[in-house]
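Please read the structure below before turning to the comments.
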Amino acid sequence: MSMIHVTTTINGVSQEYLCEPDETLLDVLRDRLGMTGSKEGCGTGDCGACSVTVDDRLVCSCLMLGAEAEGRKVETIEGMAEGETLHPLQRKFIEHAALQCGICTPGILVAAKSLLEHNPNPTEEEARYWLAGNLCRCTGYDKIIRAVMAAAEEMREAS
Amino acid sequence: MVQVRIWGSLASATDDQTEVEIEASTLRELLDGLAEKYPGLKPQLDRGVSVAIDGKVYNDSWFTPIQPDSEVVLLARLRGG
Amino acid sequence: MNYQAPTSLDAAVDILAGAKGDCRILAGGTDLLVRMHSDMADPDTVLDIKRIDSLRTISQEDGGWRIGAAVSAAEMGENEGLVADWPGVVEAANLIGSTQIQGRCTIAGNLCNASPAADSVPALVAAEAMARIAGPDGIRDVPVGEVPVSPGKTSLKPGELVASIFLPARPERSGDAYLRFIPRTEMDIAVVGCGVSLTLDASGNCVAARVALGAVAPTVIEVPEAAEALVGTSVDEDALAALAAACSEAAKPIDDKRGTAEYRVHMAGVLARRAAVIAKKRAGGAA
Amino acid sequence: MALDAKMDGKLDFKVVGTRVNRPDGVDKVTGRARFGADMTAPGMLVGKVLRSPHAHARIKTIDASAAEALEGVHAVVTRADFPEVELDEATWDVLDNCMAGEKALYDGHAVAAVAASSENVAKKALKLIKVEYETLPHVIDVDDAMKADAPVLHDGRQVENVPEGMGANVVARYEFGHGDVEAGLKQAGKVLERTYKTEATHQGYIEPHACLAQVGTDGQADLWCCTQGQYMVRDTCAAIMGLSQSRLKVTASEIGGGFGGKTTVFIEPVALALSKKSGRPVKMVMSRSEVLRATGPTASSSIDVRLGMTEDGQITAGFAELRYQGGAYPGSPVEFGSMSAFAPYDLENVKTVGWDIVANRPKQAAYRAPGAPMAAFAVESAIDELAKELGLDPLEVRLKNAAREGTKAAYGVTYPAIGLEATLRTAKDHPHWTAPLGENQGRGVACGFWFNFGGNTCVTLNITPDGTVNVIEGNPDIGGSRASMSMMAAEELGVPYERVRTVIADTASLGLNDVTDGSRVTFAVGLATIEAARAAKREMCKRAAMVWGIDEEAVVWEDGAARPSGPNAGKHDPMTLADIAAIASNTGGPIAGHSEVNAEGAGVSFATHMVDTEVDPESGAVKIVRYTVFQDAGKAVHPDYVEGQFQGGAVQGIGWALNEAYIYGEDGVLQNPGFLDYRVPVASDLPMIDTVILEIPNPGHPYGVRGVGETSIVPPLAAVANSVSAAAGVRMTSLPMSPPKVLKAIQNG
């Protein structure tokens, strides 16, 4: 099994890596690039903890091969804040106590950011359905949804 | 003497009484006294118990004082999740 | 394992036909990677078809729609023309998994997994969709219902792959709908699924209908008796009752961890009725 | 100051009770926080476990020679590789659960493990290990396991109070209560007898177990892992590996959920054994399938209830017989179910009998108020049904029978001030209670109780030279507790919250800390933090007294500064914490406060939940329409995180009530070891979860704090069942209330 050379863009920065042909993008991010913000909760696309966007499309990085990222644009939780400035979603998650243990938080933030890019003014129901693939076992989702709605409102007002 | 309430399934070791009297002024004396007077309780005492003294639960503290009129209740060893 | 990402369909067919051992097509990967993760698949070659431009497009053809095998469900949902013509097919595709899954999964992949519970397949069967199959001997078109033959098995010959799915042109006053039952609101595999497609005449009578059920047999099944219950009626209460009865009658499910046979038989009728009401409304029929 | 001093009656909190940002917030929203699987070490190997495909089998031989010969494999271990050491029964069970000895006792039981250079090599190696099994008959269901002729898991594990003639899988019996149940039932206007069943559920934390072990040739070992208690991991692993506790240093990572499931070990001893044998660091991360098959779900249960009530709603007697299977080893939480079943009520005649039963399933682990939710499901359902039959208001009936200060609880203790009645009255006055219901909707209420406790706790509070504060504690922060500790320290010291940083110590840096469980952390670690802060304050007052040349007794600490006090103190400008910190070297050296304590005096806690559901009569599907939690928190240190505990517990309970269950085939193999078919609630399944925090102070804590984490999962099973029963017009007595089950109940009327 020979390694595959991949050139891609991650969080706006050109990135090269070698990976096994059967290695997932999640494993590449975590084990080869040291980007451990994306989490593996299931490995089967059922929990959303590994959510990233690829060419602006929300995906589970556990269900994509590292080799598939060739020439694509990958965005992860590590690229969400701009330097020291948190994204409004990140700030609202802290302010609204929308995390308890925090393991699902990176995936939910990436998914919520994708939601607001597709739909800047979601209803609560739209937010709940968009995020249905992101399991959280601590919060019962209440404060997560409130934080997403609050961030959406702030971002609308700012734009 | 202290009145000690024990739970039902231990009564086989205490002549079917669920309230027993033990001479004790501390938790340690209480546990030692129970094991001495009712050897049948020893396996459960070794597996672990908690003791409620006047409504507060103690697990280990030997020198917790017990008043003669204290309410003393033996409980299954508490743990949580 | 060997990873191949050809840029033309011909090259893909060559690789597939020439591959030694187990060669699997990677479109959305939302099923294949799960299988690989769970040690249910250990392919020698993975053939990624997403670099083939012709398989990545949705195009109009003969008044209908051709959907490339590498088009994701989310992309289908973003095509307004397709949604207008085939709302049931699109909603079925957009019920597969989560938002994350919809960004990757394809209806061709959903078809080729040959799962009896595949969400998009009953809607495609009801739509009389055709699968275009490319192989060493060229191209052939077959009704989608003929692709899966049993759980996990397809009628594709060695070296063949599904290149696209074709949804035919819609007559006026047509509508389709897909409903499935799951225990939660999202993220489950269908316990029962039902696709209904129908066309009304100007007076609101049903002149054509197709009904298909998922998760009630080893493959998705078309239920002609259910369609007959609708044709020639105004899709009124009596017709709906007959439709439900025909669907329950046609359902031959098993007990498994997702539901009992008895429950599935019952729900086949319930969903068929509800889906038909939606399809009728979409066709412009009176409530 | 004595630790069990009465509550100070402090009401003018400045920091406690506010909603500050948590200290680990930025790390967790940026992906920087390091969880169990996020650690690496140079030269690290990947460890993987081979698991039994059989529910019950004798392990005849294990041949690992082919695996050992595979390039990249550095070690294979089986039970034979663990040292022969004396272990107490409970620890032996843990070892046997981590690595099977003579028998594999459930589908997924570990039988061997490898350490290899990569995940792929490790997986290949597992396939090369040949295990010869002799399969044995198995038993899964709790009632089947109890039978005298059921397949036997262990011989000789029955404790002394199990009556003669019981099946060998019945390993313990508990009985609680007082009065005369039969006489009480005779006084009743109506008597209800029902059997209830609940399925095993899993805590469902999103982070799989993960650890990184490194054992040196010098016998020193380090372990990084996600756990609710690094000291528990140390003590258990040290015993199993024959190490002294000081030689094994365990560091707790950030923890991605636990809910009780990370209060024991599964892969940690295996990783240590692999590291010892290979001489390399070994990282192990469980897959989701392994988590569901081979960690600790909670018990399944079967419960008989007999309940008598007068026409006007007085409960005259309550009886419950509870049968819990806790998997392949003794230790189901049936004693807590038996103690808590009737705990919310003031009953003259009450008795519970609990049976602990083993079956061919994974060894249960604690799950949030272990044992109580199932018991509450049974009793609260029975109360609801009787109230309904007698035409009585279910909240009024509960109020009429509610336990109060002075009530002798069914488990024997006389309650001090408690909050049950307050939760019921608040529920009754809440707009939810009188809001109109739609078609096919029903409303349910239920109460719940949990003990809470304290335990061994150490806190060191360091005053830094620049006048800020570090709190060092030893309990993993599972839901924002570092914020609470910083808040209590800031409150006590009179400094801004932002000047305090709380960190979690490894096992070498503090004395023993009990596991993060029993809702103990905010209570017990909070208590120790306050005590440590008070010790630091005393020291700072002493330093100020030295500077001022006055008696220590003439200095008080107020508003973050030492101040002269009393007639002979003289006039001196106050010295702030920063002033004193700056001259600490000149006045005797660094300043720190400590508290090392076995905290006792945790207050019990009660909740009432109210839920509206809508049932689709054609499909049996249940939708949660509205949900309100009323719970006593004693004092909510950080109200956001208290609400979060209420909401999270309620939703775990909703999952347990509606769709979560371990599903086994005839072959005893778990059929749903993944989040696809082990169906935890998703965001679109739920409405907002409303919360009402009540504050009935706990006299055993200086600020009145009670544990809040566990009680919230106790009422929802029954509350949802009562609501669904009202909506569907038929009584549901078995969980989960999956759509087919609800539909069948409706069809059967």
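The values are calculated or read from the model by the stated rules, or taken from the named source; none is laboratory data. The structure presented is a predicted model; accordingly, all values stated were derived computationally and were not measured. Virtual Cβ from ideal backbone geometry, glycine too; neighbours counted across all protein chains shown. Note: accessible area is taken over every heavy atom of the protein model, side chains too, but ligands, DNA and RNA are not part of it. Shrake-Rupley method; radii C 1.70, N 1.55, O 1.52, S 1.80 Å.
Structure above, values below:
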quantity	calculated
Residues of the stretch C:57-77 classified as open to solvent by 10 Å² or more (accessible area, probe 1.4 Å) and more than 25 Å from residue A:48 (Cβ to Cβ), total	9
Count - residues of the stretch D:231-251 that are surrounded by fewer than 19 Cβ atoms within 10 Å (Cβ to Cβ) and closer than 19 Å to residue D:458 by Cβ	4
Qualifying positions in the stretch D:214-230 - surrounded by fewer than 24 Cβ atoms within 10 Å (Cβ to Cβ) and touching a residue at least 60 places away in the same chain (Cβ under 8 Å)	D:214, D:217
Of the criteria (1) hydrophobic (A, V, I, L, M, F, W, C); (2) more than 14 Å from every other protein chain (Cβ to nearest Cβ); (3) farther than 30 Å from residue D:344 by Cα, which one residue D:303 fails	(3)
Which numbered condition residue C:174 fails, given (1) under 26 Å from residue C:246 (Cα atoms); (2) within 14 Å of the chain's Cα centre (by Cα)	(2)
Which numbered condition residue D:406 misses (of (1) over 27 Å from the mean Cα position of the chain (by Cα); (2) of a type outside the set (Asp, Glu); (3) more than 14 Å from chain B (Cβ to nearest Cβ); (4) open to solvent by 30 Å² or more (accessible area, probe 1.4 Å))	(3)
Residue within the stretch D:675-697 that is more than 8 Å from every other protein chain (Cβ to nearest Cβ), aliphatic (A, V, I, L, M) and open to solvent by less than 10 Å² (accessible area, probe 1.4 Å) present	no
The one condition in (1) open to solvent by 30 Å² or more (accessible area, probe 1.4 Å); (2) touching a Leu at 6+ places or on another chain (Cβ under 6 Å) that residue C:17 fails to fulfil	(2)
Failed criterion for residue D:210 (all others in (1) crowded, with 19+ Cβ neighbours inside 10 Å; (2) touching a His at 6+ places or on another chain (Cβ under 8 Å) hold)	(2)
Single match in D:108, D:177 (criterion: touching a helix residue (DSSP H, G or I) at 6+ places or on another chain (Cβ under 9 Å), within 20 Å of residue D:82 (Cβ to Cβ) and not in a helix (DSSP H, G or I))	D:108
The stretch A:1-21, subset over 13 Å from residue A:69 (Cβ atoms) and more than 11 Å from every other protein chain (Cβ to nearest Cβ), residue surrounded by the fewest Cβ atoms within 10 Å (Cβ to Cβ)	A:13
Search result, residues across the stretch C:78-97 that are touching a strand residue (DSSP E or B) at 6+ places or on another chain (Cβ under 8 Å) and either open to solvent by 10 Å² or more (accessible area, probe 1.4 Å) or within 14 Å of chain A (Cβ to nearest Cβ) (or both)	C:79, C:81, C:85, C:87, C:91, C:95
Qualifying residue in the stretch D:64-76 (condition: among the charged types (D, E, K, R), assigned to a loop (DSSP other than H, G, I, E, B) and under 23 Å from residue D:237 (Cβ atoms))	no
Residues (within 20 Å of residue D:647 (Cα to Cα) and part of a loop (DSSP other than H, G, I, E, B)) located in the stretch D:341-377	D:366, D:367, D:368, D:369, D:370, D:371
Of all residues making up the stretch D:418-436, the number that are open to solvent by less than 70 Å² (accessible area, probe 1.4 Å) and either within 13 Å of residue D:628 (Cα to Cα) or touching a residue at least 40 places away in the same chain (Cβ under 8 Å) (or both)	13
Options D:498, D:439; residue that is under 30 Å from the mean Cα position of the chain (by Cα), surrounded by fewer than 17 Cβ atoms within 10 Å (Cβ to Cβ) and modelled with pLDDT of 95 or more	D:498
Elements of type helices (runs of 4 or more DSSP H) contained in the stretch A:45-159, each with 2 or more residues being more than 9 Å from chain C (Cβ to nearest Cβ) and open to solvent by less than 10 Å² (accessible area, probe 1.4 Å)	A:88-95, A:105-118, A:142-158
Residue list for the stretch C:68-98, restricted to those being free of Cβ contacts under 8 Å to residues at least 24 places away in the same chain and closer than 29 Å to residue A:112 by Cβ	C:75, C:78, C:79, C:80, C:83, C:90, C:94
Residue check, residue D:203 touching a residue at least 40 places away in the same chain (Cβ under 8 Å) and open to solvent by 40 Å² or more (accessible area, probe 1.4 Å)	no
The stretch D:489-524, residues that are in contact with a Ser or Thr (Cβ under 9 Å, 6 or more places away or on another chain), in a helix (DSSP H, G or I) and either over 27 Å from residue D:712 (Cα atoms) or more than 14 Å from chain B (Cβ to nearest Cβ) (or both)	D:489, D:492, D:497, D:498, D:499
Among (1) of a type in the set (D, E, K, R); (2) open to solvent by less than 20 Å² (accessible area, probe 1.4 Å); (3) not in a loop (DSSP other than H, G, I, E, B) - the single one residue D:477 does not satisfy	(3)
Meets criteria (buried (at least 24 other Cβ atoms within 10 Å of the Cβ) and either within 10 Å of another protein chain (Cβ to nearest Cβ) or within 23 Å of residue A:125 (Cβ to Cβ) (or both)) for residue D:658	yes
Residues located in the stretch D:623-650, provided they are facing chain A (nearest Cβ under 8 Å), open to solvent by 10 Å² or more (accessible area, probe 1.4 Å) and touching a strand residue (DSSP E or B) at 6+ places or on another chain (Cβ under 8 Å)	D:643
Selection count where residues are under 15 Å from residue B:5 (Cα atoms) and at the interface with chain D (Cβ under 8 Å from one of its Cβ atoms), scope the stretch B:22-49	1
